[in-house]
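The structure appears below as structure tokens.
The values are calculated or read from the model by the stated rules, or taken from the named source; none is laboratory data. No experiment lies behind these values; they were computed from the predicted model shown. Heads up, the Cβs are rebuilt from the backbone with ideal geometry, glycines too, and the neighbour counts pull from every protein chain shown.
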Amino acid sequence: MKRFSLVLVSILIAGGINLGSQTPALSQDAAAFYKGKTVTFIVPYSAGGGYDFYARFMAPHLEKHTGCTIVIKNKPGGGGVVGANVVYRAKPDGRTIGILNMTGAIPAQIAGAKGIDFDLTKFNWMARLNDEPQVFVVGAKSKYNSWNDILQSKETIKLSSTGTVGSTYLDLLVLKLVFDIKTFDIITGFSGTSDADLSVIRGELEGTASSVSSKIKKIEEGDFKPLLIIADEKVKGLENVPLIYDFPMSAEGKKIADTYIGMMAVARAMMMTPGVPADRVAFMREAFKKTLTDADLVQKAEKMDRPVAWMDGEKVLKFIERSFTEAPPLFVNELKQIMK
Amino acid sequence: MKKAEEVGFATLLVIIFAMFVILGWGYAKRPRIVPLTLSIPGLALSVIHLANSIVKFKRAGKKQQTNVPEASAPKPLRHQKLSPPGENRKILEIWAWIISLALGINFFGFMIAIPIFLLAFLRFFAKRSWKISTLIAASFILAVYLVFYVGLRTTL
Amino acid sequence: MIEALWDGLVLVFSWPAIGYMSIGVLFGLFMGFTPGIGGPVTLALVLPFSFSLDEVSAVAFLLGTHSVVVTGGSVSAILFGVPGAGPNAATIIDGFPLAQRGEAGRAIGAALTASALGGLFGTVVLACIIPVLRPVVLVFGPPEFFMLAILGVVFLATLSGDEPLKGVIAGLLGLMISLIGEELIVGTKRYTFDLVYLWDGIKLVPAVIGLFAIAEMVDLLVKGGSIAKPEKQAALSSPWTGMVDVFKHWGLFVRSCILGVIIGIIPGLGGDVACFLAYGQAAQTAKKGEVEYGKGNIGGVIAPEAANNAKEGGALVPTIAFGIPGSGSMAILLGALLIVGITPGAALLNEKLDITFAMVWTLAIANLGGAAIMMLMAKRLAKITFLEGSVLAPIIISVCFIGAYMTTNSMGDIIVAIVLGVIGYEMKRLNFSRAALLLGLVLGRIVEQNLFLSIRIFGADFIYRPIAMVLVVLSVLVMGWSFLKPVLQRRNEKHAG
């Protein structure tokens, strides 16, 4: 009993000291605040995945530019929802940041999916890591050689896709809606993009779609033929592949394309809890800017075929807000259907 | 005693499979095929198993009635062999300790809950001295601290 | 090609590569030994250190770390009933009972030998297939995955020992539990009760920790004493006995290796399946007079451990050939290779063959080295099983909770461990096969997913593809055998009596 009360008292004292040092938070200089502290970088996906990789990749640079210690915490679940919730509900002192896959998060919020505590428009956006132009590909031996072939085809085109919450499915869905294609048969259920890709390489299915960065290797090796790029500007290395806008589409279709490409433009972004003092938000934003524009880091990223393309947090917020205000009702309905 | 446990567990299984079937029925055409294909036979088999264990339980009960004079011989008192009611109490106590550890982790985090749990358990359940208990609890949490916080730079 | 083979070997033994590999091996063994922390997490943690290394050193370091994680994990599986990493789950089923009989040393010896030789096997196969890498990977598709999973399910039947009804119920329970969560076909969330944690289903590591480790610890505390009952013959507890066992059971060993390599080569099945299929396959071959599987048959340790390590050699195949990771750890490895400037695919196979062989050699040497290191410590580690249970158990339980928690960093993992702990404890007391439940848990989703994919892609006659047909025949044979065996045994007993 005595031992227990000793422990209790020490906890209370430690807590008291802690509280005391935090009250004059607003008047502290941001840099002085972060110096020597621990900042938790939440990765809403499992250890070893692409996002986890990026976080660990950026961490040393962030530490250099902020003077704090970055601790990476994986909080996987719900396709990123769990981790995003954690960042949203964390204490607003600027010591919790996160990274998020917007191509999953934005549609989820638009559709009003269950379990979402956050509002993407309320996060303090730090920066964009990169955008993700998407590419539609067919197998090397496919009889389709151009997007026009696809549009004019009278036969069913079987396509491979992961579950209904990946960018693959959304890519194919958007194409279907924008061009009003009736011949797409999207086969969902593959565990990951690798499996979906293999199915096309094996010749079982006609084609698939996902980010350029994940497909570029196989395109270069000749396993895939790229037929269409979903983005608003040419992609380096695939300059002779047409863009979605090169083809005729209805006004409604164009709105859907615009909305989707807007989402893709901020595909991977970093955020901080809402309500953090402005100077700390600015400080961390600056740290991210320095990290992501560092020549050495950019070059290393380039080598991984995962180019880094920094965009300022404020602009990221604008893109996100637009996705919500401009999403056409047809698109919203389709999303609601998938995510019910 | 064991026969009663069989019946209890068998009932639990029936309830679990019944839940799988009932909920499975409510899903759409495709998502419910495999769940129902597996849970309906599962329900059937666990009902059969329940029936089996009830029968065995009744039979054991009848046997006990005819064996009463032999059953009253006292069992030797070693800390391993407890008569059934004593054993059940021990089992519940151990689970209580485990659940308390889980609750402790939930409200106070690993670094506080584990040393307190170890200290209390070693002292009150394993009946070791305060010295040994504290030593083990402290060295363990120190090892955890070194491996995770210092070595791997993650938090728990 | 012979030139590249030699060049690769030289590269690996050069300094500083060999130094980094050694560090990697030690670290990998340690991380493997720590429960709950498995391959992908380990690699993710060491990854940043490899960025500044040259090609060969990076490969030696990363592959060195990665290949021995399951080796280290087998030791904690045997000693404490706690899986060091996911793929060690099957080793617990017979490994821990062996420890309970005082044969921990023997079990560890067998596991390490099987791991080392299995890893070698995997690398040899890898080296041989290099010319035909790509076509081999392409042969397997959803129909084959489906049939392999069905084969695994069929194995369930023999895992039930003397009470088949209980075994089948356990298996069905496991299959149903694996279906909890969001399914990939339409996106329905099944059996999740609106809990976000359950959307991704019940994960293997917390489930195994609960079902085996926690259940065994409760049992230990109730019965008192230590994990191993004292006074066992010296011969039975020596690691060298275990080593000899592997050679005595060489048929089983080779079959498990082959199974492991094949599953490693096929992306899309996931590594955890390999050890269970190997275990299931071993259980089929139990001879009369041997210890029953699940109660401490040494084959139950040899099979999964051989398959585990062989699978890693196999998993390198699609990774090198296509840049398609054969397992979770391979995905990380892939990223690392890219940073260091090694691009998987045709280039690696044609121009940089020496690097490819350097990878192969690293796997081989790391496997052998890792096993040797653990072997030296085996006898000492085995002594832990003779410590007083009431002191050891709370420590192991604490470690279990930490290990389980590392899966998703949420309390859900601990709750899963406790719930399955209760179920597992009752199952142990009432003679339900936990192995069968585990096998169901691992295979359920794979069966459903590939069934639907196969039908969607090929229509209902997907089953007529050649390899799938072979597997169908095999499954029927195994099923038939599991029914015939007890009948035949009874007949033999009648004749003898």
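Yes/no matrix, rows are residues, columns are (1) touching a Lys or Arg at 6+ places or on another chain (Cβ under 7 Å); (2) within 11 Å of chain C (Cβ to nearest Cβ); (3) of a type in the set (Asp, Glu); (4) at positive phi:
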{"position": "A:Leu151", "(1), (2), (3), (4)": "no, no, no, no"}
{"position": "A:Lys158", "(1), (2), (3), (4)": "no, yes, no, no"}
{"position": "A:Lys176", "(1), (2), (3), (4)": "no, no, no, no"}
{"position": "A:Phe184", "(1), (2), (3), (4)": "yes, no, no, no"}
{"position": "A:Ile187", "(1), (2), (3), (4)": "yes, yes, no, no"}
{"position": "A:Gly192", "(1), (2), (3), (4)": "no, yes, no, no"}
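Would it be correct to say that C:Trp6 is more than 16 Å from the chain's Cα centre (by Cα), more than 14 Å from chain A (Cβ to nearest Cβ) and assigned to a loop (DSSP other than H, G, I, E, B)? Criteria not met by C:Trp6. Report yes if A:Ser213 is among the hydroxyl-bearing types (Ser, Thr, Tyr) and closer than 24 Å to C:Phe452 by Cβ, otherwise no. Criteria not met by A:Ser213. Of the residues making up the stretch B:115-142, those that are more than 10 Å from chain C (Cβ to nearest Cβ) and farther than 18 Å from C:Glu388 by Cα are B:Ile116, B:Ala138, B:Leu142. Using the structure shown, decide if C:Leu420 is assigned to a helix (DSSP H, G or I), touching a Leu at 6+ places or on another chain (Cβ under 8 Å) and within 13 Å of chain B (Cβ to nearest Cβ). Criteria met by C:Leu420.
Listed here are the residues, each with its yes/no results for (1) at pLDDT 85 or above; (2) closer than 23 Å to C:Gly264 by Cβ; (3) outside any helix (DSSP H, G or I); (4) not polar (S, T, N, Q).
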residue	(1), (2), (3), (4)
C:Val12	no, yes, no, yes
C:Phe27	yes, yes, no, yes
C:Phe30	yes, no, no, yes
C:Gly36	no, yes, yes, yes
C:Ser52	no, no, yes, no
C:Val56	no, no, no, yes
C:Phe61	yes, yes, no, yes
C:Gly64	yes, yes, no, yes
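Considered as a group, the residues in the stretch A:84-105 that are outside any helix (DSSP H, G or I) and under 17 Å from the mean Cα position of the chain (by Cα) include one that is modelled with the lowest pLDDT, and that residue is A:Asn101. Residues considered: C:Ile373, C:Ile414. Of these, the only one that is crowded, with 17+ Cβ neighbours inside 10 Å, farther than 25 Å from C:Val154 by Cα and touching a Phe, Trp or Tyr at 6+ places or on another chain (Cβ under 6 Å) is C:Ile414.
Just a yes or no: is a residue in the stretch A:106-120 within 14 Å of chain C (Cβ to nearest Cβ) and assigned to a helix (DSSP H, G or I)?
Of the stretch A:106-120, the ones within 14 Å of chain C (Cβ to nearest Cβ) are A:107-108, A:111, A:113-118.
This time we only want the ones that are assigned to a helix (DSSP H, G or I), so: A:107-108.
Among the residues of the stretch A:106-120, at least one is within 14 Å of chain C (Cβ to nearest Cβ) and assigned to a helix (DSSP H, G or I), which makes the answer yes.
For the stretch B:108-122, the set of residues classified as part of a helix (DSSP H, G or I) and touching a residue at least 24 places away in the same chain (Cβ under 8 Å) consists of B:Phe110, B:Met111, B:Ile114, B:Pro115, B:Phe121, listed by residue number. For the stretch A:197-213, the set of residues classified as on the phi < 0 side of the Ramachandran plot and within 10 Å of chain C (Cβ to nearest Cβ) consists of A:Asp197, A:Leu198, A:Ser199, A:Ile201, A:Arg202, A:Glu204, A:Leu205, listed by residue number.
Residue by residue, here is whether (1) more than 21 Å from the chain's Cα centre (by Cα); (2) within 28 Å of C:Ser74 (Cβ to Cβ); (3) away from chain A (no Cβ under 14 Å) holds:
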{"site": "C:Leu172", "(1), (2), (3)": "yes, no, yes"}
{"site": "C:Glu183", "(1), (2), (3)": "yes, no, no"}
{"site": "C:Thr188", "(1), (2), (3)": "yes, no, no"}
{"site": "C:Gly201", "(1), (2), (3)": "no, yes, no"}
{"site": "C:Pro206", "(1), (2), (3)": "no, yes, no"}
{"site": "C:Ile209", "(1), (2), (3)": "no, yes, yes"}
{"site": "C:Phe212", "(1), (2), (3)": "no, yes, yes"}
{"site": "C:Ala215", "(1), (2), (3)": "no, yes, yes"}
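Considering only residues in the stretch A:63-95 that are among the basic types (Lys, Arg) and more than 9 Å from chain C (Cβ to nearest Cβ), the one that is farthest from A:Gly50 (Cα to Cα) turns out to be A:Lys91.
Scanning the stretch A:38-81 for residues that are in a helix (DSSP H, G or I) and of a type in the set (Val, Ile, Thr), we see that the one that is nearest to C:Gly181 (Cα to Cα) is A:Val81. Restricted to the stretch B:109-156, and to residues that are among the basic types (Lys, Arg) and farther than 23 Å from B:Lys90 by Cβ, which residue is modelled with the lowest pLDDT? By that ranking, first place goes to B:Arg153. Evaluation of A:Ala327 against the conditions (1) surrounded by fewer than 21 Cβ atoms within 10 Å (Cβ to Cβ); (2) over 30 Å from C:Gly323 (Cα atoms); (3) of a type outside the set (Val, Ile, Thr) shows that the sole unmet condition is (1).
A:Gly222 meets each of the listed conditions (1) under 29 Å from C:Val137 (Cβ atoms); (2) surrounded by 16 or more Cβ atoms within 10 Å (Cβ to Cβ) apart from (2). Select from the stretch C:161-186 the residues that are aliphatic (A, V, I, L, M) and in contact (Cβ under 8 Å) with a residue 12 or more places away in the chain and list them in ascending order. Hits for the stretch C:161-186 are C:Val168, C:Ile169, C:Ala170, C:Leu172, C:Leu173, C:Leu175, C:Met176, C:Ile177, C:Leu179, C:Ile180, C:Leu184, C:Ile185. Inspect all residues belonging to the stretch C:179-195 and state whether any of them is over 30 Å from A:Lys336 (Cβ atoms) and surrounded by fewer than 20 Cβ atoms within 10 Å (Cβ to Cβ). Among the residues of the stretch C:179-195, not one is over 30 Å from A:Lys336 (Cβ atoms) and surrounded by fewer than 20 Cβ atoms within 10 Å (Cβ to Cβ), which makes the answer no.
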